[in-house]
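Participant: Below is a structure I'd like to ask you about.
The values are calculated or read from the model by the stated rules, or taken from the named source; none is laboratory data. Here the structure is a predicted model, which is why all the values come from computation and not from measurement. For neighbour counting, all protein chains shown are included, and Cβ atoms are generated from backbone atoms with ideal geometry for every residue, glycine included. Note: accessible area is taken over every heavy atom of the protein model, side chains too, but ligands, DNA and RNA are not part of it. Shrake-Rupley method; radii C 1.70, N 1.55, O 1.52, S 1.80 Å.
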Amino acid sequence: RRYFKIVELTYAHWLKRALLRPKFVMALAFGLLALTLPLMLKIGTEFMPATDESAFRVNLIMEVGTRVDKTSDVMKLIEAAVADEVPEIRATSVSIGGGGGFGGSGGGHTGELRVRLVPIEDRKRSVFEIMDVLRAKLTGLPGATVRLRADQSFFAGRGTGDKIQIELRGNDLEESDRLSRLTQSVVEKIPGITDVYLSNEDATPEELVVIDRDRAADAHLSVSRVSSLVKTAIGGSQAGNYRENGKEYVILVKLKDSDKLSIEELMNMTVTNSRGEQVMLGSVARAVAGSGPLSITRKDQARIVTVSADYSGRPLSEVVDDIEQAMTTVPMPLEFSYNITGEAEDQAETFRGLTTVLILSFFLVYMIMACQFEQLKGPLVVMFSVPFAAIGVILSHFLTGTVFNMNSFIGVIMLTGIVVNNAIILVDHTNLLRRRDRMEMNQALLEAGRRRLRPILMTTLTTILGLVPLSLGFGDGGETQAPLARAVIGGLTTSTFITLFVVPAMYQLLKPWAGTGRRSKVSFE
């Protein structure tokens, strides 16, 4: 009690001086707000924080057509490297041919190693530090693409998917392939970018049968007749339907063991021309080795190729800005365009929605107070305490190295309703003293500040102390909710101390409820 009495007297002394110079107090408060706003650029933004949930995956993608036993041999090398570099392993599991992961195609050329680590409190390294070490170790495996991702829950972001995606739109497949590889080369040079992957990387080998139209014409063969032979030999042609007992079956004619047919055997086949003569296929057509995409992806009726990547050690906003800058160096044909999606798109959409919610919450709080106070100017005094919460939000993120994300934004929205409570307590008691005890304005402000200091500090401290464990981010995945707690703690701390001086100063400047209490010359004597 004795210590609090000292705090109370100290506050009364400085409040008295603040009321003598209210304009200076407001200028100082807005000056502090202006000085902290540039720090937001250094904080950066992201959609959701990366969380350490003591698990990650190593995905292996070999060339399409690689035998399963070869894929298994490479996966054994990866297992050995992981075992040597990661003593924190608790359990592992391996699958071959289950899928490339993160957009890769499935097949015998793919494999996945799942690693479960000991709990975060039992190790010194985070899962992200472990993955950075493994990336350096596993880079350069011949004929293999290795990608690592930390397992994250649904509420922690996009799970194990790619966080950054650059969609290249255009119908020319060859030009899309060239642009995607050029984009990959420039994106890989950006600091913080990891595991760049192309959606058209998994091209399958194929043989193209190219018909020489001039030779076919000289041999009295039409293009359709030659192509029909190739189709019938490999894929089969429908020769009719067979009906039995009310059921109908398609009659498909094709060569026996056509899936084992070599290209030489195919080119040695003969086709009958319009004169009834047998012409060898190889004399009017040639086989050209090539490769083709396993699938063609379309979005809004346009073909797209996606360049996917992950990022580490930098805020998403900085990485996206660097990508935008790097893409200016990629010569983009007129019929092509690009769009950055993934977490960047999710973040933009989410932040737009949360901004609307923040504005609505601000006006709803104001309207509720206007109804309770039964005037419009009085609630403005209370609402002036809200913007200064941004000082604490920015400082708490800057000092703790926290990137501003969706949960931080939700904490800011919560502050809109929490911060005004202290100002309402102060303003309401000031009005009571002026109305009931007929005190002049400055005397009522001083007395209300002295009497309401204890409940204001009690409500603030209980909220702050209750959020401290959450802000520390203990346990697996604790990083998810920590930004929300830090935003509320920082905003509530600064807004409380600023409110104790700014709200009385603004009350004096706006003079709400001017008819309440007796009119007298402003004096503290």
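Participant: Do any residues in segment 452-469 that are over 17 Å from VAL420 (Cβ atoms) have Cβ atoms under 9 Å from those of residues that are open to solvent by 50 Å² or more (accessible area, probe 1.4 Å) and at pLDDT 90 or above, where the two are at least six apart or on different chains, and which pairs are they?
Facilitator: Listed pairs, sorted by first residue: LEU467/ARG486.
Participant: Where the second residue is open to solvent by 10 Å² or more (accessible area, probe 1.4 Å) and assigned to a loop (DSSP other than H, G, I, E, B) and the first is closer than 13 Å to SER54 by Cβ and among the aromatic types (Phe, Trp, Tyr) and lies in segment 125-137, which pairs have Cβ atoms under 7 Å and are six or more apart or on separate chains?
Facilitator: That search, which allows pairs on different chains as well, returns PHE128/ALA50; PHE128/SER312.
Participant: Please find, among GLU318, GLU265, GLU324, the residue that is under 30 Å from LEU148 (Cα atoms), acidic (Asp, Glu) and either open to solvent by 70 Å² or more (accessible area, probe 1.4 Å) or touching a Leu at 6+ places or on another chain (Cβ under 9 Å) (or both). Let's see the steps before the verdict.
Facilitator: Working: GLU318 fails: either open to solvent by 70 Å² or more (accessible area, probe 1.4 Å) or touching a Leu at 6+ places or on another chain (Cβ under 9 Å) (or both); GLU265 fails: under 30 Å from LEU148 (Cα atoms).
The unique qualifying residue is GLU324.
Participant: Condition (residue is among the hydroxyl-bearing types (Ser, Thr, Tyr), surrounded by 18 or more Cβ atoms within 10 Å (Cβ to Cβ) and touching a His at 6+ places or on another chain (Cβ under 9 Å)) applied to segment 45-55: is it met by at least one residue? Even if it seems obvious, please write down each step before you answer.
Facilitator: Within segment 45-55, the first condition is being among the hydroxyl-bearing types (Ser, Thr, Tyr), and the residues that meet it are 45, 51, 54.
Checking which are surrounded by 18 or more Cβ atoms within 10 Å (Cβ to Cβ) leaves us with 45, 51, 54.
When the remaining residues are screened for being touching a His at 6+ places or on another chain (Cβ under 9 Å), the result is none.
For segment 45-55, residues among the hydroxyl-bearing types (Ser, Thr, Tyr), surrounded by 18 or more Cβ atoms within 10 Å (Cβ to Cβ) and touching a His at 6+ places or on another chain (Cβ under 9 Å): absent.
Participant: Same structure, new question: Being open to solvent by less than 40 Å² (accessible area, probe 1.4 Å) and under 26 Å from GLU206 (Cβ atoms) is the filter here; which residues of segment 233-243 pass it?
Facilitator: Let us first name the residues in segment 233-243 that are open to solvent by less than 40 Å² (accessible area, probe 1.4 Å), namely 233, 236-237, 240.
Hits for segment 233-243 are ALA233, GLY236, SER237.
Participant: Can you find a residue that is at pLDDT 85 or above, on the phi > 0 side of the Ramachandran plot, in a loop (DSSP other than H, G, I, E, B) and not polar (S, T, N, Q) anywhere in segment 239-247?
Facilitator: no
Participant: Touching a strand residue (DSSP E or B) at 6+ places or on another chain (Cβ under 8 Å) and closer than 24 Å to SER317 by Cβ: is that true of THR71 in this structure?
Facilitator: no
Participant: While we're here: Restricting the first residue to segment 208-219 and requiring it to be over 11 Å from SER283 (Cα atoms) and touching a residue at least 12 places away in the same chain (Cβ under 8 Å), which pairs with a second residue that is charged (D, E, K, R) and open to solvent by 60 Å² or more (accessible area, probe 1.4 Å) meet a Cβ separation below 8 Å and a spacing of at least six or different chains?
Facilitator: Within 8 Å, the pairs are VAL209/ARG286; VAL210/ARG286.
Participant: Given the criterion over 30 Å from LYS16 (Cα atoms) and modelled with pLDDT of 85 or more, identify the matching residue among MET441, MET458, MET367, MET383. Explain how you work it out, then say what you get.
Facilitator: On the way: MET441 fails: over 30 Å from LYS16 (Cα atoms); MET458 fails: over 30 Å from LYS16 (Cα atoms); MET383 fails: over 30 Å from LYS16 (Cα atoms).
On inspection, the qualifying residue turns out to be MET367.
Okay, residues lined up against (1) outside any helix (DSSP H, G or I); (2) surrounded by 16 or more Cβ atoms within 10 Å (Cβ to Cβ); (3) touching a residue at least 40 places away in the same chain (Cβ under 8 Å):
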{"site": "THR341", "(1), (2), (3)": "yes, yes, yes"}
{"site": "ALA344", "(1), (2), (3)": "no, yes, yes"}
{"site": "ALA348", "(1), (2), (3)": "no, no, no"}
{"site": "ARG352", "(1), (2), (3)": "no, no, no"}
{"site": "SER361", "(1), (2), (3)": "no, yes, yes"}
{"site": "TYR366", "(1), (2), (3)": "no, yes, no"}
{"site": "LEU376", "(1), (2), (3)": "yes, no, no"}
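Participant: Within segment 285-295, is even one residue within 30 Å of GLU167 (Cβ to Cβ), open to solvent by 60 Å² or more (accessible area, probe 1.4 Å), modelled with pLDDT under 85 and in a loop (DSSP other than H, G, I, E, B)?
Facilitator: Yes; the residues of segment 285-295 include at least one that is within 30 Å of GLU167 (Cβ to Cβ), open to solvent by 60 Å² or more (accessible area, probe 1.4 Å), modelled with pLDDT under 85 and in a loop (DSSP other than H, G, I, E, B).
Participant: What pairs come up if the first residue lies in segment 12-36 and is surrounded by fewer than 12 Cβ atoms within 10 Å (Cβ to Cβ), the second is of a type outside the set (Phe, Trp, Tyr), and their beta carbons are under 9 Å apart, counting only those six or more places apart or on different chains?
Facilitator: Taking only residues 6 or more apart or on different chains, the pairs are LYS23/ALA505; LYS23/LEU509; LEU35/ILE391.
Participant: Oh, and also: May I ask you to list the residues in segment 248-271 that are in contact (Cβ under 8 Å) with a residue 12 or more places away in the chain and either hydroxyl-bearing (Ser, Thr, Tyr) or not in a helix (DSSP H, G or I) (or both)? It would help to see each step written out before you state the result.
Facilitator: Keep residues of segment 248-271 that are in contact (Cβ under 8 Å) with a residue 12 or more places away in the chain, which gives 250-255, 258, 261, 263, 266-269, 271.
Once the filter is applied, which keeps residues that are in contact (Cβ under 8 Å) with a residue 12 or more places away in the chain and either hydroxyl-bearing (Ser, Thr, Tyr) or not in a helix (DSSP H, G or I) (or both), segment 248-271 yields VAL250, ILE251, LEU252, VAL253, LYS254, LEU255, SER258, LEU261, ASN268, MET269, VAL271.
Participant: Consider segment 132-143. How many of its residues are assigned to a helix (DSSP H, G or I) and either of a type in the set (S, T, N, Q) or over 23 Å from SER72 (Cβ atoms) (or both)?
Facilitator: Here the count works out to 3.
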